[in-house]
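What follows is a set of notes on a single structure, which appears directly below.
Laboratory data are not the source of any read-out in this text; all were calculated from the coordinates shown. Source: prediction; values computed, not measured. Cβ: placed from backbone, ideal geometry, glycine included. Neighbour counts: every protein chain shown.
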Amino acid sequence: MTHDKLRHIAIIMDGNGRWAKARGLPRIAGHRQGVNAVRSLVRDIDDLGLEYLTLYGFSSENWNRPQSEVNDLMGLMRLYINRDLKELIERGVRVRIIGARHNLAPDIVSLIENAEQRSRHNSRLTLAIAFNYGGRDEIISAAQSLAEEVRKGNLSPVDITAELFPQYLYAHDIPDPDLLIRTSGEKRLSNFLTWQSAYAELVFVKTLWPDFTRQNLIDAIDEYFQRDRRFGARPDEEKHSIQEMPSATIKLIK
């Protein structure tokens, strides 16, 4: 039961601070270079023909960082949407921002809502940015919503299944990631897509995020296609190589 269809890649973009420190630069310089890496990645993913890309932009735990760094990250979010939204829309990209919004600045909420509204009819690629996001928070929010449905009598506890639960997550219309990549050499999920990553293939690369290139992406995809995804079924002898990727992937590599 090997699944070789690659539709959705999720990425934990880690290493901006270390990239800047290694060059004697302030952390904001690493974050800015990280935004450039995002811009290149989205173009590569678009060329690849994938349907979904989810990026970990700002976690709910990042509020614990120094206020100056938080302000810089918020400023970069404003800059990215203002500067790149036009190109994203022209490319047919649908923008989704997943995460809590109640404690974001009103202008950022307006930018998010505008980006989602203007790109809502696009279908070439869905770009989801996890911003002010925490996987456990998402699960708690879904559980609270389901509990309220039970309290109102709209649901019975036995109605809550593994099929129903995801419908109460932030982006219930986006399929679970097939491949999850984390840069910088760290090997943990850091509260990212906690529910959705149950069967994702995990690839950890040592490259710091600002240095992440098309070749790094190809290498991660190559590793994905070497995996035997069984979803609990018995082992299968069949393996998939880079030559057996979808034609769009081969186009990118060539």
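Laid out as a table, the results:
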{"item": "Hz values of 3J(HN,Hα) by residue in the stretch 59-65 - Karplus curve (6.51, -1.76, 1.60), Gly and Pro given as x", "result": "8, 5, 7, 5, 4, 7, 6"}
{"item": "Label-point separation in nm, Ala147 to Asp173, each point 7 Å along Cα→Cβ", "result": "2.9"}
{"item": "Nonlocal amide H pairs with Arg94, under 5 Å, H built at 1.01 Å", "result": "Arg124, Leu125, Thr126, Leu127"}
{"item": "In the stretch 120-191, the GluC sites (Glu not before Pro) that fall in loop regions by DSSP, at most 12 other Cβ within 10 Å", "result": "Glu163"}
{"item": "Selected from Tyr199, Ile89, Leu179, residue furthest toward positive end of dipole (the chain; charges at beta carbon)", "result": "Ile89"}
{"item": "Stretchable slack from Ala22 to Glu186, in nm (0.36 nm times residue separation minus alpha-carbon distance)", "result": "57.3 nm"}
{"item": "Amide proton proximity set for Ser59, modelled H, under 5 Å, gap of 5+", "result": "Asn132, Tyr133"}
{"item": "Cα centre as origin, Lys/Arg/Asp/Glu Cβ charges: the stretch 23-115 dipole, Debye", "result": "220"}
{"item": "Low-density loop cleavage sites - trypsin sites (Lys or Arg not before Pro) in the stretch 130-174, where at most 10 other Cβ are within 10 Å (DSSP)", "result": "Lys152"}
{"item": "P(r) weight above 30 Å for the chain, C-alpha pairs, percent", "result": "29"}
{"item": "Spin-label pair Gln226/Arg91, simplified geometry with 7 Å Cα→Cβ offset, distance in nm", "result": "2.8"}
{"item": "The chain - percent relative contact order, Cα under 8 Å, separation 6 or more", "result": "29"}
{"item": "Residue range of the chain that is longest and free of chymotrypsin sites (Phe, Trp or Tyr not before Pro) which are both DSSP loop and sparsely packed (at most 16 other C-beta within 10 Å)", "result": "1-194"}
